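Data first, discussion second: the structure below is written as structure tokens.
The values are calculated or read from the model by the stated rules, or taken from the named source; none is laboratory data. Keep in mind that this is a model prediction, so the values were computed, not measured. Cβ: placed from backbone, ideal geometry, glycine included. Neighbour counts: every protein chain shown. Remember, those area values only see protein heavy atoms, side chains included, never the ligands or the DNA or RNA. Shrake-Rupley method; radii C 1.70, N 1.55, O 1.52, S 1.80 Å.
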Amino acid sequence: MIPMAATDLEQIVNLCKRRGFVYPTAEIYGGFRSSYDYGPLGSLMLRNVREAWIRPMVQQRDDVVLIDAAILAPPAVFEASGHLANFTDPLVDCTNCKHRFREDTLEDPNTCPNCGAKGSFTEARAFNLMFKTEAGPVEGAGSTVYLRPETAQGMFVNFANVLQTSRKRPPFGIAQVGKSFRNEITPGNFIFRTREFEQMEMQFFVPPADGPKWYDYWCATRLQWYIDLGIPAESLRLRPHDADELSHYSAGTSDVEFLYPWGWGELEGIAQRTDYDLKQHAAHSGQRLDYFDPTTNERYVPFVIEPAAGVNRSMAAFLLSAYDEDEVGGESRTILRLHPRLAPYKVAVLPLSKKDALSPLARKIYATLTERYMCDYEDTQSIGKRYRRQDEVGTPLCVTVDFDSLEDGAVTIRDRDSTEQVRVPIESLVNEVAARLGF
Ligand code: GAP
């Protein structure tokens, strides 16, 4: 069944706030523009997105390893990577209303979208998107450091370390999941573009001649990842960048794009970074960053194919495409048809009544299931209301413990999508749940 999908971002924003997925940052102080905190369910879902990426990208391959590099880095890294010189957006000010805009996002470069003034923009100036701060206890006397604007540089500066310690050889990849920071001029659209966000990136090092082959491979593989996790293929497309869109390091990039409520937009970029980064870091650090192939006796600097995805942006796309409204037994319900791997809770254990007689058995079942799965336990309100609450946060299965359970040693499993209910013996519950979830 293809969900209706949210057509309006507000539907998702409201659900996320109401059910504890995403809150505005520092809300009790009036909020902090375009910054968000992830609540009990949102933090579970973010973790599931990360794990759903690590599983096929690292765990199920023997040619990719995972690292976790520092967020703060010295200027030398970004001097070499080109971010100090090139990681800029063209910024213009309206001299009439004083609002600032990214020049390349203006529909009409002569008219201010805020106040309507004509010809009021200043000359564009390059605005560097990196956050700069100081390390050390004395203000003004410390050394400048930057918050990384992408996780990628951590993989390049550790290339030699990983090569030596992991005994991998090209083609192989270094993956990383972690926070990045950009002083975006126009953050917005909820968690789509924020100044603090999380990336899932992998640098795949290959013999230079194999670059095009691996680029095609990673474009197809990464597109399929979103489909496998439940985004309908018709809401996704691969779009090659025009020459004037390419990042300073890229010889070719394709974006996996998603059809957001406001139109097609980037979900992930797959870039051919060639040998740009390794050569830059080798030149600036004076260290050798290449590979000696003992089978051919050749030394070369590998080319890099980089699939770069966003944890938060993926979460937004998964939520938007899972959102659905339907009717069950004459009552309307909101449902998140999330892939079981992404759903915050896999199972909700629901004793039919709060009475003491059912609690020990229900608690025991909950304890058994939580050995393997993140589960919820709810014993208040009518069972119908509890089903609706679980549907709304995407819980694939509910397990209902009733008074018959005490007699027949069986419970009812209810499926979120079909609402079908089946009775299963408690002793085979874990296997039944695993079969239905697919893991
Ligand atoms: N290392 C390459 C790189 O950083 P990018 O296209 O700038 O490439 C990769 O970023 C992904 O990171 C994007 O496709 C998006 O999912 C996510 N991303 C980038 N900027 C973001 C922002 N301001 N807010 C949320 N996600 C962002």
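Key figures for this structure:
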item: Per-selection metrics, region 1-129 (Cα): Rg and Dmax in Å; result: 21.1, 58
item: Accessible area of region 345-437 belonging to carbon and sulfur atoms, whole % at 1.4 Å probe; result: 48
item: Backbone HN-Hα couplings from phi across region 422-429 [Karplus 6.51/-1.76/1.60, Hz, Gly and Pro as x]; result: 10, 8, 9, x, 4, 5, 9, 4
item: Kirkwood hydrodynamic radius (C-alpha pairs) into Stokes-Einstein, the chain, 25 °C and 0.890 mPa s, D in µm²/s; result: 100
item: Net dipole in debye of region 345-437 [+1 Lys, Arg Cβ; -1 Asp, Glu Cβ; about Cα centre; nearest 20]; result: 280
item: Pairs of Cα atoms farther than 20 Å apart, region 174-248, %; result: 55
item: Net charge contributed by nearby residues that have their C-beta within less than 14 Å of Leu223 (K/R +1, D/E -1); result: -4
item: Within the chain, longest stretch clear of exposed trypsin sites (Lys or Arg not before Pro) (DSSP loop, no more than 15 other Cβ within 10 Å); result: 168-287
item: Spatially proximal lysines relative to Lys98 (Cα-Cα < 20 Å; intrachain offsets below 8 disregarded); result: Lys118
item: Integer Hz, Karplus 6.51/-1.76/1.60 couplings in order for region 119-126, x for Gly and Pro; result: x, 9, 7, 6, 4, 5, 10, 6
item: Positive-pole candidate from Ile335, Tyr276, Leu369, dipole of the chain, charges at beta carbon; result: Leu369
item: Dipole in debye (nearest 20) - the chain, about Cα centre, beta carbon charges: Lys, Arg +1; Asp, Glu -1; result: 820
item: Amide H partners (placed H, <5 Å) of Arg333, local residues excluded; result: Asp326, Glu327, Val328
item: Greater than 22 Å apart at Cα, pairs in Lys17/Lys132; Lys17/Lys364; Lys132/Lys179; Lys346/Lys385; Lys179/Lys279; result: Lys17/Lys132; Lys17/Lys364; Lys179/Lys279
item: Region 345-437 - Rg (one decimal) and Dmax (whole number), Cα, Å; result: 11.7, 32
item: Cα convex hull volume per residue for region 271-361 (Å³); result: 268
item: The chain: angle of helix 276-285 to the longest principal axis, Cα-based, in degrees nearest 10; result: 60
item: Phi-based couplings in Hz for region 403-409 (Karplus 6.51, -1.76, 1.60; Gly and Pro marked x); result: 5, 5, 4, 5, 8, 9, x
item: Solvent-accessible heavy-atom area per residue, rounded to whole Å², over the chain at 1.4 Å; result: 47
